[in-house]
Every structure is written in C-alpha cells, then in structure tokens.
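First comes the structure, then the notes that go with it.
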Amino acid sequence: MTTEPTNALVDTHAHLDAGEFDADRDEVIARAHDTGIGTIITVGTGIESGQHSIELAERYQDILVAIGIHPHAASTTTEADISAIARLAEHPKVVAIGEIGLDFYRNYSPRDSQFRVLQWQLDLAAQINLPVVIHCREAHEEIINVLHDWTSRHPERQPPGVIHCFTGDTETARQYLEMGFYLSLGGYITYPANSNAHDTIRSIPPDRLMVETDCPYLAPQRYRGRRNEPSYVRYTAEELAQIRGVSFEALARETTENARRLFGW
C-alpha cells in the first residue's frame, strides 16, 4: 500500500462489487483516487461477493477487502459456507471479517439463524486473528451482549473491530468503546434530521473514529437519492470535522491513522 498524505481519507466501508458500479467501476475508483481517497476497503457480503472483491483488490493497489456473510443471508448459511469464507480470508489483501452482525429491522433471516451465523464468524475471526466489521440495525442491546461475551473470551484481540454505520446514542457508543471497538460514520450524518446526534458524535474519542460511505447506499445530503461512491466520503469527513470543531486535515489524519491501526496495513 502507498502511504497516504496527511489530508488523505480512507473509505473504510464500500461495496465496489455492487451491480450499481458495473457500468463505470474503473472511473469510480479513479475518481476516488483523484479526490484524495488513499485507501478503500471494499466489503464482501457473501462468498461470491467476497471473491469479486478480492479480484478487485488484486487489480488495484489501494483497495483492501473485508469478507463475511451478511445477516440477511443467515437463513441459508451453512458451516461449509463459513469454511469457504475462511479460505478466501487467507488472501493477503483480506484485512477483516465482515460485514457480519444482526439486522432486526429487515428481519430477512430468522433471528436464531442470525445469532448462529454471527457467532460462527466471530469464532472464525478470533481463530485467524482478524478484526470484525459489525452490522447492526435495531439490535444494539442484543449485539452488545454477544460482543461482550466474545471480547471477554478473546481479550488478546485488541482492537476487536469496528461498528459500521454507527447510529446509536451516547450510552450505546460508550458500551462499544469500552469493549475496544471503533465507530464508523457515514453520509447520513449530513442529513438535517440527524442533527440531534451531534452530541454523540462529539463524544467519540478521536482515536476511535472512522469514516465510510457504505456505497452505493447512503449518499451524503448533496447527493441524497443518488448512487453513493467512495469520493463522497470527503463530504462526510467535512461535516464531521465541523461538528467536532476540528480542521479537516486533523480529522483526515486521525481517521486514517485509526483505519491503519485497526486493519493493519
């Protein structure tokens, strides 16, 4: 990997294998580079998605990969699928297991299967010593209980991972932070309706904060309703710097250092 300049950003959560990018994927990646995005972590949400993400990372120096099975697919996931994820995770550009977690908003998979598949993948991450990327919707209490048990059994895994697209309150943030997790924020912080979250955003220590797009989803306010892409992480970072009362350069430096620390490149 190249060394990012001090004002470079890391998009810590993108889905570059998504079909929304099929027509212009190379241009999207070039645009990110041209706008100062030093590294992109593209996140596979299943075996096929993970394989495509690895193929992208083999083509582009500054793309890294997280690989896991999304909770939406938990009902059809077998232990053989987890073994396939483990094999893919042997690739040198795979830096995390994820995104994994619980989604009680959509409930596309029964909750018992979501818990089971999450536990399988947490065990895998501990076994191969990779951090986790956690997806959580309408399930903070439940996932905090699972993660507290997991981190207690594996205290050597520090930092344990990141809560992607964090939307909890200050107390919820505190509980994740106490376990050692990073909190990653996306374009939704630019939405006027989310201005009541600013106190929580300001409460996150600078050494535990990251930024992401979750593209092609959740474009920042100026592009809301359109396809998101890695270059737009800059708008999230600018808003975040303003909320926290720091310079953009300081915010970029801190979040990039945090990403490098967690994902280990």
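For 179, 210, the sequence from fewest to most other C-beta atoms within 10 Å is 179, 210.
For region 86-211, the fraction of C-alpha pairs farther apart than 17 angstrom is 57 percent. Taken one residue at a time, the phi angles of region 149-159 give Karplus couplings (6.51, -1.76, 1.60, θ = phi - 60°) of 5, 5, 5, 5, 7, 10, x, 6, 8, 10, x Hz. Gly and Pro are set to x. Close amide-amide hydrogen proximity is noted between residue 161 and 132, 182, each under 5 Å apart and 5 or more residues distant or on a separate chain (H modeled in the peptide plane; Pro and chain starts excluded).
If I take all pairs of Cα atoms in region 9-263, what percentage of them are more than 34 Å from each other?
Tail of the P(r) past 34 Å holds 10 percent of the pairs.
Only Cα pairs under 8 Å and 6+ residues apart enter the sum, and on that basis the relative contact order of region 9-263 stands at 19 percent.
Here the Karplus curve 6.51 cos²θ - 1.76 cosθ + 1.60, taken at θ = phi - 60°, turns the phi angles of region 233-246 into couplings of 4, 4, 5, 5, 5, 5, 5, 5, 4, 5, 4, 8, x, 10 Hz, with x standing for Gly and Pro. The magnitude of the dipole of the chain, with charges of +1 and -1 set on the Cβ of Lys/Arg and Asp/Glu and taken from the Cα centre, is near 320 debye.
Using just its DSSP H runs of length 4 or more, each adding -39500 (n - 2.57), the chain gives a mean residue ellipticity at 222 nm of -12500 deg cm²/dmol after division by all residues. When Rg and the Kirkwood Rh are both derived from Cα coordinates, the Rg/Rh ratio for region 1-136 amounts to 0.99. Measuring spread by the Cα atoms of region 131-265 yields a radius of gyration and Dmax of 14.5, 44 Å. The protection proxy used here, the mean number of other Cβ atoms lying within 10 Å of each residue, ranks peptides 194-207, 30-43 as follows, highest first: 30-43, 194-207.
Annotation: amide H-H contacts under 5 Å for residue 64 (H modelled 1.01 Å from N, sequence separation of 5 or more, or interchain): 40, 41, 42.
Shown in residue order for region 15-30 are the 3J(HN,Hα) couplings computed by the Karplus curve 6.51 cos²θ - 1.76 cosθ + 1.60 at θ = phi - 60°: 10, 6, 7, 4, x, 4, 9, 4, 7, 8, 4, 4, 5, 4, 5, 5 Hz (x for Gly and Pro).
Quick note: the coordinates plus some simple rules give every number you see, no bench work behind them. Predicted model only: the values in this text are computed from it and were never measured. FYI the Cβ positions are ideal-geometry reconstructions off the backbone, even for glycines, and counts take in every protein chain you see.
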